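Below is one structure, written out as structure tokens, with a few remarks after it.
The values are calculated or read from the model by the stated rules, or taken from the named source; none is laboratory data. This is a predicted model, so every value here is computed, not measured. Note that each Cβ is placed from the backbone with ideal geometry, even for glycine, and that neighbours are counted across all protein chains shown. The area values use the complete protein model at the heavy-atom level, side chains included, leaving out ligands, DNA and RNA. Shrake-Rupley method; radii C 1.70, N 1.55, O 1.52, S 1.80 Å.
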Amino acid sequence: MPKANIQPDVISYNAAISACEKGGQWQHALLILFETMPMTKVQPDVISYNAAISACEKRRHWQQALKLFEVMSKVKVHPSVISYSAAISSCEKGGQLEQALILFEAMPKVKVQPNIVSYNAAISACEKGGQWQQALQLFEAMTRANVQPDVISYNAVISSCEKGGQLQRALKLFEVMPKAKVQPGVISYNAAMSACEKVGQWQQALKCFQSMPKAKVKPDVISCNAAMSACEKGGQLQQALKLFESMPKATLQPSVVSYSAAISACEKEGDWQLAMKLFVSMPRTKIQPNIISYNAAISVCEKGGEWKQALKLFEAMPKATAQADVISYSATISACEKGGQWRHALKLFEAMPKAKVQPNVISYSAVISACEKSGQWQQALMLFKAMPKAKVEPNIISYTAAISASEKGGQWKQALKFFEAQSSAIGQQLYNLAGNLHCH
DNA sequence: GTAGGGTTAG
């Protein structure tokens, strides 16, 4: 048969749109839907629209996805449960919780029953929007609607609780999974480890990691990173390093996060040399250090008393396209402070506004201490007095430095005033802390 | 030929 006689039908066009979706060509998907198909007089059906919505969703064009959803309703191609789920998912990815819930709640009105994917997409939208109660409500509603939660539902609701600080709730959900006949996956384990760590149960986190093989769940890079982090919190530094070294044997390529975790473990152990060795070995394994790796390395230099090296690292950050943040500045200022380099410390501190980095209490305490220690008591007091204007609440370190600076300058009244202010401020801070602890 | 999740490091 001659080729020209074969006209593509709606199925071929849908396959083409789907191919665009898989290849990330969302604009081309729209072109087929709105140009090619009308030209050849082939009517797009619900699958054509769904595939196009999905193409926009994958590339995170939530407005475009919603527009498609509206268009299909207008041209009387009735949205199916898949259209709704894809649209909700687009909103979720675009951080549009309200819109996602509007779509979800509209479903029963048009007699489209939400299925497990619709529920999961809505729960994820709540998670991203920081609404853990809402997420939990949806999770409970699905059981009532006879839609049995699967591993994705559990992971999403566990994550929501975790983000909302509901750590015990998150752990309880994880523990209940086997009873609900839902096999926890690697993501469930990783999320559970994270919750354990956040409540200070690092042993529990490690136990969780060690129980993975028995549950036939293969740990991934993130599981190892989480386990390393748990070891570090528990002071099990050798164990953390052992984990790091065992990764290649498990055919897991350590990521930039693994390196940062290992560097930080070395830092806590006091092994500056090994920490720096790890840092400089990163490019060899084709891993570009990021801002967190740099900050960890600067912190190592600070602890090791290497202020010159800290400055050098700080100055190398722009070339590595790592924008210095408040932690980079504070760590470098602290390194200079320890090295008695008040001019460097002050210069760094003064460069912060230009770099659009807001100094925090750590930056202030470090620079005030640097000036005070070098006998620059007037400078130290000036900086301390600037804190309220910058809306930074002084902590005990800044107060101590300010009191010392006052004493050095013979400003006894000033010193006494600061001392009294410190007592009440720190008292208030302790009171708040106690209140927080009580809540938990 | 169409829809879904996430965890880790300073």
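The figures follow:
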quantity	calculated
Exposure rank, largest accessible area first [A:VAL117, A:VAL10; 1.4 Å]	A:VAL117, A:VAL10
Those lysines that a straight Cα-Cα span of less than 20 Å connects to A:LYS312, excepting residues fewer than 8 apart in one chain	A:LYS277, A:LYS303, A:LYS338, A:LYS347, A:LYS354
Rounded accessible area per residue of the stretch A:109-179, 1.4 Å, Å²	52
Proximal lysines relative to A:LYS417, as straight alpha-carbon distance under 20 Å, when same-chain residues fewer than 8 apart are discounted	A:LYS385, A:LYS389, A:LYS391, A:LYS408
DSSP-loop trypsin sites (Lys or Arg not before Pro) across the stretch A:203-302, with at most 12 other Cβ within 10 angstrom	A:LYS214, A:LYS216, A:LYS286
Cα-Cα pairs of the stretch A:148-282 separated by more than 18 Å (percent)	55
Accessible area expressed per residue, the stretch A:225-288, with surrounding protein chains retained (probe 1.4 Å, Å²)	52
Where labels lie 7 Å past Cα in the beta-carbon direction, separation of A:LYS385 and A:ASP325 in nm	3.4
Residues A:LYS181 and A:ASN115, FRET efficiency given R0 of 22 Å [Cβ-Cβ distance, rounded to 0.05]	0.75
Interatomic Cα distance distribution for chain A, bins of 10 angstrom, percent	4, 16, 18, 22, 19, 12, 6, 2, 1, 0, 0
Low-density loop positions, trypsin sites (Lys or Arg not before Pro), the stretch A:78-145 - DSSP coil, at most 15 other Cβ in 10 Å	A:LYS111
Electrostatic dipole magnitude of the stretch A:225-288 [Cβ: Lys, Arg +1; Asp, Glu -1; Cα centre; debye, to 20]	200
Estimated FRET transfer efficiency (A:VAL46, A:THR251; beta-carbon r; R0 45 Å; 0.05)	0.55
A:GLU393 - accessible surface, heavy atoms, 1.4 Å probe, Å² rounded to 10	120
Whole-Å distance, taken between Cα centres, linking the stretch A:45-61 and the stretch A:176-252	36
Whole-number D in µm² s⁻¹ for the stretch A:225-288, Kirkwood Cα-pair radius fed into Stokes-Einstein, 10 °C, 1.306 mPa s	138
Cβ-Cβ FRET estimate between A:LYS277 and A:ILE426, R0 fixed at 41 Å, reported to 0.05	0.55
Table column - 3J(HN,Hα) (Hz), the stretch A:133-141, Karplus curve with 6.51, -1.76, 1.60, x for Gly and Pro	4, 4, 4, 5, 4, 4, 4, 6, 5
Heavy atoms of A:SER374 accessible to a 1.4 Å probe, total area in Å² rounded to 10	40
Chain A, accessible surface, carbon-and-sulfur percent (1.4 angstrom probe)	58
